[in-house]
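Read through the structure below, which is laid out as structure tokens, and then see the notes.
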Amino acid sequence: MSRNRRAFSLVEVVLALGLISAVFIPLLGMLSIGFSALKESNVDVKASLIAQKVLASAQLVPYGDLQGATKYLNYDGNEVSQAESVFTVTIAPDNAPTSNPLQSPSLTTMRVTVSGPAVNNRQRIFASTIANLGD
């Protein structure tokens with residue numbers, strides 16, 4: 001009398017589950033790291049867009065008004081009170097000596113620092129050269 005095998009034995013099922021879990025548990029850990037990196041890169045992009053917006057508006061403001069200006073912005077880049085802010089943006093001249101001997105004295109490198117809770121209280125620093133045409 002021959003016996004037809006229609007099911008897996010308990011040992012086979014346990015071994016299969018062990019192999020599957022050995023593969024998927026590390027993948028789940030990597031998924032968490034991937035989401036954290038995605039969130040941080042999204043904040044980096046937002047910080048750079050805010051810095052570009054601030055530097056673009058700085059070119060329209062008299063140079064004297066830019067000295068040590070601090071703005072408090074929400075996640076959309078709109079100015080809000082300090083209590084509501086997500087980003088703190090500081091714009092100041094970069095007083096480091098330039099390595100470019102051809103740079104005109106009427107040009108100034110402005111440094112925009114973006115910090116705050118949205119960027120894990122780390123500072124993102126951006127720089128741009130703007131015209132110093134006086135007040």
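The values are calculated or read from the model by the stated rules, or taken from the named source; none is laboratory data. It should be emphasised that the depicted structure is a prediction, and the values quoted were computed from it without experimental measurement. In this analysis, Cβ positions are derived from the backbone assuming ideal geometry, glycine residues included, and neighbour counts consider all displayed protein chains.
Listing for the model above:
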item	result
The stretch 57-88 - residue that is modelled with pLDDT of 85 or more and more than 13 Å from SER115 (Cα to Cα) and, of those, surrounded by the most Cβ atoms within 10 Å (Cβ to Cβ)	VAL80
Subset of the stretch 15-51 [under 27 Å from ILE91 (Cα atoms) and free of Cβ contacts under 8 Å to residues at least 40 places away in the same chain]	LYS39, SER41, ASN42, VAL45, LEU49
Residues (surrounded by 18 or more Cβ atoms within 10 Å (Cβ to Cβ), at pLDDT below 80 and assigned to a strand (DSSP E or B)) located in the stretch 102-129	THR108
Leading residue by the ranking (modelled with the lowest pLDDT) among those in the stretch 89-101 that are of a type in the set (Val, Ile, Thr) and outside any loop (DSSP other than H, G, I, E, B)	ILE91
